[in-house]
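Each remark here refers to the structure printed beneath this line.
What follows is calculated from the coordinates using simple rules that are stated; it is not laboratory data. Here the structure is a predicted model, which is why all the values come from computation and not from measurement. Ideal geometry is used to build each Cβ from the backbone, glycine not excepted, and the neighbour counts take in all protein chains shown.
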Amino acid sequence: MVELAVPDLELLQRRRSEKWSGYEPGVIAATVAEMDFELAEPIARVLHEAIDRSDLGYAYEVPKSLQDAFTGFAARRLDWQVDPGLLTLVPDVMIGLIELCRVLAPGGSVGFATAAYPPFLQQLRPAGFTIVEVPLREDGTFDLDRLAAQLRAGLQVLILASPHNPTGRVLPRSELEQIADLCAEHGAWVLADEIHAPLVLPGAKHVPWLEVSPAARPCGISLTSASKAFNLAGLKAALIVTASGRAQDVVRRLPFTAEQVGLLGVVAAEAAFSDGDAWLDAVIDQLDANRTLLGELLAKQLPDISWTPPEATYLAWLDCGRLGLGDQPHVALLEKGKVALGAGRDYDPGSSGFVRLNFGTSAGLVREMVTRMASVARGPGAA
Ligand SMILES: Cc1ncc(COP(=O)(O)O)c(C=O)c1O
């Protein structure tokens, strides 16, 4: 049994990563998708060993050890049979998505469900694409009718965050099958961003895109990484996975070589996928417990917040519209409560009353965040 450790706030604030940078002392950061847990021991070990070897040069191809580690992980944890010959290294998922779009639909149209991971909204347009938003339905499900209409209007590529960020929803097989049928029928590609798949919490099951149906495989490309589940985002090593010759032809046209990937990222991903199960199980238990705790605390202290607990990830998408904190609740919560949360409008201009809270941390910090948020919502002078 792995004991998960979370450093105290003072130590967390010494971290140099994006999540903990840029705030004054005492602020609890719950923004960027990084977790606060100390690194898994098998990963820390191989990283120390690489440094001891002064082994910080370029990465070289997809090593067989990484192929074995990932295919084993995919089979064991995701019921996903991956052909090791159809794995390609890319620096990160976002760059992989953008460059795949450039090959598939140069200057064309790229769609995704909104609310969305902010770089979809921020980076695809400057990269030359017309972005097509497919707003989620009120209940968080994918709007298949809107997707069908956009496909009829010429949508070329759908980026499908599965599980979804920021809602943390796990898309059921039936919904994925319908998306696959629609996209295949209209000759559109699906780029399945499955970076959060290893973080599915008890009660849900992720269906990898390339296992969805015979229709999904030839029109789909999956992108994944150890970065979210094992907290390695700064090490820059992600994987593209295909399951058809047609998709592999697309990947061959990407302008990458393995040299552009971080060697430490490759080394860490290998250790994560081959020896990280016990740590990941402990993380999932902790996230499941934090999800329950957050629900209890919100019900008691902030009943005006509405949310649907996520089925995956450590991200909670909270509707704060009824808190009386104006249309940018994250501003008051940071300024008065010293809790930094994701601003809803970054995920969807129409969702400015929302915040995204990252509960990938200790139960103590989850409690403290809700206490602080509740004191802001109760107004000045509240205890
Ligand atoms: C849905 C989704 N896709 C992609 C990314 C970014 O991945 P990468 O750092 O590999 O570009 C994130 C990061 O949080 C994410 O949530």
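Take the Cβ atoms of A289 and Q123, set R0 to 41 Å, and the FRET efficiency comes out at 0.75.
Proximity of backbone amide H atoms, modeled 1.01 Å from N, is registered between L158 and G111, W189, V190, L191 at under 5 Å, excluding neighbours fewer than 5 places apart on the same chain. Which chymotrypsin sites (Phe, Trp or Tyr not before Pro) in the range 32-138 pass both tests, a DSSP loop state and at most 11 other beta-carbon atoms within 10 Å? Of the chymotrypsin sites (Phe, Trp or Tyr not before Pro), the ones in loops of the range 32-138 whose Cβ has at most 11 other Cβ atoms within 10 Å are Y58. For the range 301-346, trypsin sites (Lys or Arg not before Pro) are listed when DSSP marks them as loop and at most 14 other Cβ atoms sit within 10 Å of their Cβ; the list is R322.
Extending 7 Å from Cα along the Cβ direction at V2 and again at K205 yields two label points whose distance is 2.4 nm.
Rounded to the nearest whole Hz, the Karplus-based 3J(HN,Hα) values (6.51 cos²θ - 1.76 cosθ + 1.60, θ = phi - 60°) of the range 155-160 follow the sequence 4, 9, 9, 10, 8, 10, with x at glycine and proline.
Within the shell defined by Cβ-Cβ distances under 11 Å, the residues around P163 carry a net charge of 0, with Lys and Arg each +1 and Asp and Glu each -1.
Between T308 and Q81, the contour length at 0.36 nm per residue exceeds the Cα-Cα span by 78.6 nm.
For the chain, a crude dipole built from +1 on the beta carbon of Lys and Arg and -1 on the beta carbon of Asp and Glu, taken about the Cα centre, is about 720 debye to the nearest 20.
With the simple model of a label 7 Å out from the Cα in the direction of the Cβ, L144 to V250 spans 2.2 nm.
Beta bridges from DSSP with both residues in the chain: antiparallel share about 45 percent, rounded to the nearest 5. Under 20 Å from a point placed 7 Å out from the Cα of Y58 along the Cα-to-Cβ direction: which residues of the range 226-263 have their backbone N that close? Only 235-240, 252-263 fall inside the zone, counting backbone N under 20 Å.
Among 243-253, 176-186, sorting by the average number of other beta carbon atoms lying within 10 angstrom of each residue, highest first, gives 176-186, 243-253. Two numbers describe the Cα atoms of the range 236-320: Rg and Dmax, which are 19.6, 54 Å. Is there a pair in K19/K228; K64/K205; K19/K300; K228/K300; K205/K228; K228/K336 whose C-alpha atoms are over 24 Å apart, and which pairs would that be? Among K19/K228; K64/K205; K19/K300; K228/K300; K205/K228; K228/K336, the Cα-Cα distance tops 24 Å for K64/K205; K19/K300; K228/K300; K228/K336.
Mark the label point 7 Å from the Cα of D275 along Cα→Cβ and return the residues of the range 63-95 whose backbone N is within less than 15 Å of it. Under 15 Å, as judged by backbone N against the label point of D275, lie 65-66, 69-70 of the range 63-95. If you plug the beta carbon distance of Y23 and Q328 into 1/(1 + (r/R0)^6) with R0 = 22 Å, you get a FRET efficiency near 0.80. Summing Lys and Arg as +1 and Asp and Glu as -1 over all other residues whose Cβ lies under 10 Å from the Cβ of W80 gives a net charge of -1.
Other residues whose C-beta falls under 13 angstrom from the C-beta of P119 contribute a net charge of -3, scoring Lys and Arg +1 and Asp and Glu -1.
For the range 37-96, trypsin sites (Lys or Arg not before Pro) are listed when DSSP marks them as loop and at most 12 other Cβ atoms sit within 10 Å of their Cβ; the list is R53. Mind giving me the FRET efficiency for R14 and A44? R0 is 22 Å, r the Cβ-Cβ distance, nearest 0.05 is fine. So the FRET efficiency works out to roughly 0.80. Only Lys, Arg, Asp and Glu carry charge here, each on its Cβ (+1 for the first two, -1 for the last two); on that basis the range 104-164 has a dipole of about 220 debye about its Cα centre.
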